[in-house]
1. Just for the stretch 163-176: of the residues that are surrounded by 13 or more Cβ atoms within 10 Å (Cβ to Cβ) and more than 8 Å from the ligand (Cβ to nearest atom), which one is farthest from GLY19 (Cα to Cα)?
2. If the requirement is being assigned to a loop (DSSP other than H, G, I, E, B), among the acidic types (Asp, Glu) and either farther than 30 Å from ARG301 by Cβ or not assigned by TED's automatic domain parsing to the domain that holds SER376 (or both), which of these qualifies: ASP430, ASP392?
3. Could you please tell me which pairs satisfy a Cβ distance under 7 Å, a separation of 6+ or placement on different chains, a first residue in the stretch 2-20 that is not assigned by TED's automatic domain parsing to the domain that holds SER426 and in a loop (DSSP other than H, G, I, E, B), and a second residue that is of a type in the set (Phe, Trp, Tyr) and within 8 Å of the ligand (Cβ to nearest atom)?
4. Of the residues ARG402, ARG329, ARG396, only one is of a type in the set (Lys, Arg) and surrounded by fewer than 16 Cβ atoms within 10 Å (Cβ to Cβ); which?
5. Could you pull out every one of the strands (runs of 3 or more DSSP E) wholly within the stretch 248-338 that has 1 or more residues that are over 25 Å from LEU184 (Cα atoms) and small (Gly, Ala, Ser)?
6. Could you grab me the full set of residues in the stretch 177-198 that are among the polar types (S, T, N, Q) and either more than 10 Å from the ligand (Cβ to nearest atom) or closer than 20 Å to ARG319 by Cβ (or both)?
7. One residue is enough: does the stretch 165-174 have a residue meeting the conditions touching a residue at least 12 places away in the same chain (Cβ under 8 Å), of a type outside the set (Phe, Trp, Tyr), on the phi > 0 side of the Ramachandran plot and not assigned by TED's automatic domain parsing to the domain that holds SER66?
8. Could you please give the count of residues in the stretch 3-17 that are away from the ligand (no atom under 11 Å from the Cβ) and either hydroxyl-bearing (Ser, Thr, Tyr) or within 14 Å of the chain's Cα centre (by Cα) (or both)?
Amino acid sequence: MVNEFAYCPRLAYFEWVDGEFADNAETTEGRFHHRRVDQAPTRKSKQAEEESGEATIHQRSVWLSSERLGVTAKIDLVEGEGTAVVPVDYKRGKRPHTAQGAWEPERVQLCVQGLLLQEQGFACERGVLYFVGSRERVDVPFDEELLARTRERLDGMRAMTLATVAPPPLVDSPKCPRCSLVGLCLPDEVGWLRASHNGEVPGLRRLIPTNDDALPLYVQTPGAKLGKDGECLKVKDHDEVIGEARLVETSQVVLYGAVQVSTQVVQELCKRNIPLVYCSSGGWFYGMTTGLLHKHVELRRRQYAVAADRERCLQLARRFVQAKIANCRTLLRRNHRAAPDTVLQEMKNDQTHAGAVESLESLLGVEGTAARRYFSEFAGMLKEAEPGARFDFEGRNRRPPRDPVNAMLSLLYSMLAREWTVTLQSVGLDPYLGFYHQPRYGRPALALDMMEEFRPLIADSAVLTAINNGEIKQSDWFER
Ligand code: SF4
């Protein structure tokens, strides 16, 4: 944690106070190298060490802690002779060519290990950083300057853990593009929002968040069994494997209807914080199993505080509705055969109007008007995949939807609401307490808030793609 704090206090706060952690190529590679370091030495390597006659102490993965310093550390390797020891910390990559031989976060982390060894009565005046990429050892003397810097970092870190708000992001720092939590931290966006409140308009860098390759696993076969085999989930139907997915590539598991699931799968999913979702065979969302509730209490406290503040709710709700209208308008412009200019202009006016309303009730009115304009032109975005097989659409209807297009829209909206409910819960927010949609028993109000702007982008455009590409045809439908 000291290493992360020295690298960026905000990163340390996310990882150690909020409990957020994400891997990127560098953290994965680092863990891989440490796994090798942690492996117990073989008899052969032990014998070689003894024969070399060098250090008589050669201990790997040493855990030490100190109440006085308030820190715990796992030292990769302790070398030494008698009471004089040297901590060795393994680092991925090559030795950086800096004046002090290594970056400050690494030197501070090593110095903490030295302080812990000193507490145990060892003489420890220096440490070693071993860079796996270039196979180089860098000597780090624990001089007065480094000791003072380390104590300063430890004090700062303790103060940070007591704070209820994360430290501000670094400004235009070259550390951010390499940071594993850049997608969560959004340093430039946060900086931009803060500065724009003060009337400044700073530039935005293009930061690429880590690519989350995990996908949901849907199991729909009635009577199928979901089991675990090593690092894989396997779906069987009468002892025949009909599907499998690697656990590391699974974001959630969704079971439709009568699908059996083993206890081992439930435990493994809880351990990995992968939600297990139960739906009826028709897609009705029954509930889900997740690991322990997210530990980020402060996040929920702030959510409740904002939800109780009508002015803040209105500010957020305006943004949700404005974004939704803007996205609907964009979809019309891109897909309509000839979107009427009057409708596009009216929707633009609705968007502006939504940003200036004085109450949530007025906002509902503006949103409803914009939705009517949008759906009045929705049919213009539907194409005939086959001659004479056009889908009719005369406006939005629901509960129940009365035609195929409305049925598809309703299904996708309900899937989107479920997706947001699962996501919000997994990041520690309460999906039932919204800012725009008011709380009502059983209604995932925050999920409904969050999905507003994604309705046209995800649900509507998926319906248009399925129909216009001929993936769903009139002949796929029947009425009872
Ligand atoms: S993205 Fe930058 S500011 Fe944010 S946590 Fe990482 S290093 Fe810190």
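1. It comes out as PRO167.
2. Details: ASP430 fails: either farther than 30 Å from ARG301 by Cβ or not assigned by TED's automatic domain parsing to the domain that holds SER376 (or both).
Being assigned to a loop (DSSP other than H, G, I, E, B), among the acidic types (Asp, Glu) and either farther than 30 Å from ARG301 by Cβ or not assigned by TED's automatic domain parsing to the domain that holds SER376 (or both) holds for just one of ASP430, ASP392, which is ASP392.
3. Listed pairs, sorted by first residue: GLU20/PHE14.
4. Values: ARG329 fails: surrounded by fewer than 16 Cβ atoms within 10 Å (Cβ to Cβ); ARG396 fails: surrounded by fewer than 16 Cβ atoms within 10 Å (Cβ to Cβ).
Selected residue: ARG402, the only one of ARG402, ARG329, ARG396 that is of a type in the set (Lys, Arg) and surrounded by fewer than 16 Cβ atoms within 10 Å (Cβ to Cβ).
5. 285-289
6. In the first step, residues of the stretch 177-198 are kept if they are among the polar types (S, T, N, Q); the result is 180, 196, 198.
Answer for the stretch 177-198, where residues must be among the polar types (S, T, N, Q) and either more than 10 Å from the ligand (Cβ to nearest atom) or closer than 20 Å to ARG319 by Cβ (or both): SER196, ASN198.
7. yes
8. Residues meeting the conditions: 0.
The values are calculated or read from the model by the stated rules, or taken from the named source; none is laboratory data. Please read all numbers here as calculations on a predicted model, not as lab measurements. Cβ atoms come from the backbone with ideal geometry, glycine included; neighbour counts cover every protein chain shown.
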